[in-house]
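Notes follow the structure.
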Amino acid sequence: MHVDDAAGATVRAIEHGEPGNIYNIVDEDEPAQVREWLPELARLLDAKRSVHLPAWIACFLVGDHLVIMMTEVRAGSNAKARTELLWEPTHPSWRKGFADIAARLPTQ
């Protein structure tokens, strides 16, 4: 989720949302787990590849909550925000968002 999309959705919810409603603000067009998008981000940034650890070791190092969040959590749907708030993400997928940001980075 790009911070500009999150901020825009927040403004739309304040200005047009129904009090008490909850809206999922996600780039649902292409949901992906960390194991898919992290290597791509590293490639775009010319960073080292991430290290894959067995879940039990990762739980010991960073805790169950982070491991579950990075391996089991699935994307939500932004359909309600699109319909009720007339909101559209500028970066509808993580691939597009990463590519847009990488294109603006200075070359080395």
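Tabulated data for the structure shown
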| quantity | calculated |
| --- | --- |
| Wholly within the range 39-108, helices (runs of 4 or more DSSP H) carrying at least 3 residues that are closer than 24 Å to Asn21 by Cβ, among the hydroxyl-bearing types (Ser, Thr, Tyr) and within 20 Å of the chain's Cα centre (by Cα) | none |
| Condition broken by Ile22, with the remaining ones in (1) in contact (Cβ under 8 Å) with a residue 60 or more places away in the chain; (2) in a loop (DSSP other than H, G, I, E, B) satisfied | (1) |
| Candidates Ser50, Ser93, filtered to the one that is closer than 30 Å to Val11 by Cα and modelled with pLDDT under 85 | Ser93 |
| Selected residue (only one of Glu40, Glu72, Glu28 is at pLDDT below 90 and exposed (fewer than 12 other Cβ atoms within 10 Å of the Cβ)) | Glu72 |
| Residues being among the small types (Gly, Ala, Ser) and under 20 Å from Val3 (Cα atoms) - total across the range 27-82 | 7 |
| Residue in the range 85-93 that is acidic (Asp, Glu), touching a Lys or Arg at 6+ places or on another chain (Cβ under 9 Å) and touching a residue at least 40 places away in the same chain (Cβ under 8 Å) present | no |
| Total residues in the range 33-78, condition touching an Asp or Glu at 6+ places or on another chain (Cβ under 8 Å), of a type outside the set (Ser, Thr, Tyr) and over 26 Å from Ala103 (Cβ atoms) | 1 |
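The values are calculated or read from the model by the stated rules, or taken from the named source; none is laboratory data. All values derive from a computational prediction rather than experimental measurement. Every residue, glycine as well, gets a Cβ built from its backbone with ideal geometry; the counts of neighbours run over all protein chains shown.
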